[in-house]
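Read the structure below first, then the notes.
Coordinate-derived values only; no laboratory data. Predicted, not measured: the structure shown is a model, and the values here were computed from it. With ideal geometry, Cβ positions are generated from the backbone for all residues, glycine too; neighbour counts draw on all protein chains shown.
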């Protein structure tokens, strides 16, 4: 059910209302008594759907049907709203290139969906004693593999399990990257066409 309950029938206190009929027609501004009469004639309820308007707006409709449709619309809106989360991806010093690329691709998917990504370099045993500069560089090399533009939300720093940093998508940079990619594609097609023309002219000259 909808959370904000609207006034219905005898609960309405406005002296006059702008009334909308059950079929959506605008009946104009009516006195409260006339609006009640119209609703009663239709065998329906009178619901004050916009109390802050001047005059308030009311609709003639079955209250149960109105609440059902209202609740349905609210659920549809909530379903479209994606909740942003912080996803986590973990690598190790010995993680190979193939696995790195797979994890980077997954991170890109999360960024595309609007999530933040926390990338962590997990350390254990002797790796904990390695150079901090080397370890940070290892994590940075993973981040640059991610095929989606991002910006740093939290710089790489020590974490309970090793080193970690948080990134989030950069829509402006991504749009620029995609535009440049399309430009290169267009240039490539143009070059191919020019090459075809050169080959054609050469063959024609030799004929």
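Neighbour counts of C-beta atoms inside 10 Å place 88, 11 in the sequence 11, 88, starting with the fewest.
For a test of the definition: using alpha carbon positions, the gyration tensor, and the 1.5 limit on a/c, classify the stretch 29-159 as rounded, prolate or oblate. It is prolate, given that a/c is not under 1.5 and a/b is the larger ratio. One chain, two ends: residue 128 and residue 158. Fully extended at 0.36 nm per residue, the span grows by 9.7 nm beyond their Cα-Cα distance.
Using the Cβ-Cβ distance between residue 76 and residue 9 with R0 = 35 Å, the FRET efficiency computed as 1/(1 + (r/R0)^6) comes to roughly 0.80. Spin-label pair residue 21-residue 41: with each label point 7 Å from Cα along the Cα-Cβ axis, the two points sit 0.9 nm from one another. Fewest neighbouring Cβ atoms within 10 Å first, the residues 95, 41 line up as 41, 95.
DSSP assigns beta bridges within the stretch 9-79; of those with both partners inside it, close to 75 percent run antiparallel. Residue exposure proxy: 8, 60, ordered by other Cβ atoms within 10 angstrom of their Cβ from fewest to most, comes out as 8, 60.
Summary of the geometry: the stretch 94-127 and the stretch 55-71, compared by the centres of their Cα atoms, lie 50 Å apart.
Could you calculate the FRET efficiency of residue 181 with residue 101 from 1/(1 + (r/R0)^6), where r is the beta carbon distance between them and R0 is 22 Å, rounded to 0.05? In this case the efficiency is close to 0.75. Normalised by the number of residues in the stretch 9-79, the mean separation of alpha-carbon contacts (under 8 Å, six or more apart) gives a relative contact order of 29 percent. Per the Kirkwood definition applied to all pairs of different Cα atoms, how many angstroms is the hydrodynamic radius of the stretch 9-79? After inverting the mean inverse Cα-Cα distance, the result is 12.4 Å. Placing pseudo-labels 7 Å out from each Cα toward the beta carbon at residue 50 and residue 137 gives an inter-label distance of 6.5 nm. Between rounded, prolate and oblate, where does the stretch 86-172 land on the alpha carbon gyration tensor, with a ≥ b ≥ c its root eigenvalues, rounded for a/c under 1.5, else prolate if a/b exceeds b/c? Here the stretch 86-172 falls in the prolate category. For the stretch 36-165, the relative contact order is 20 percent, taking Cα pairs closer than 8 Å that sit 6 or more residues apart in sequence and dividing their mean separation by the residue count. Taking every DSSP bridge with both residues inside the stretch 86-172, close to 65 percent are antiparallel.
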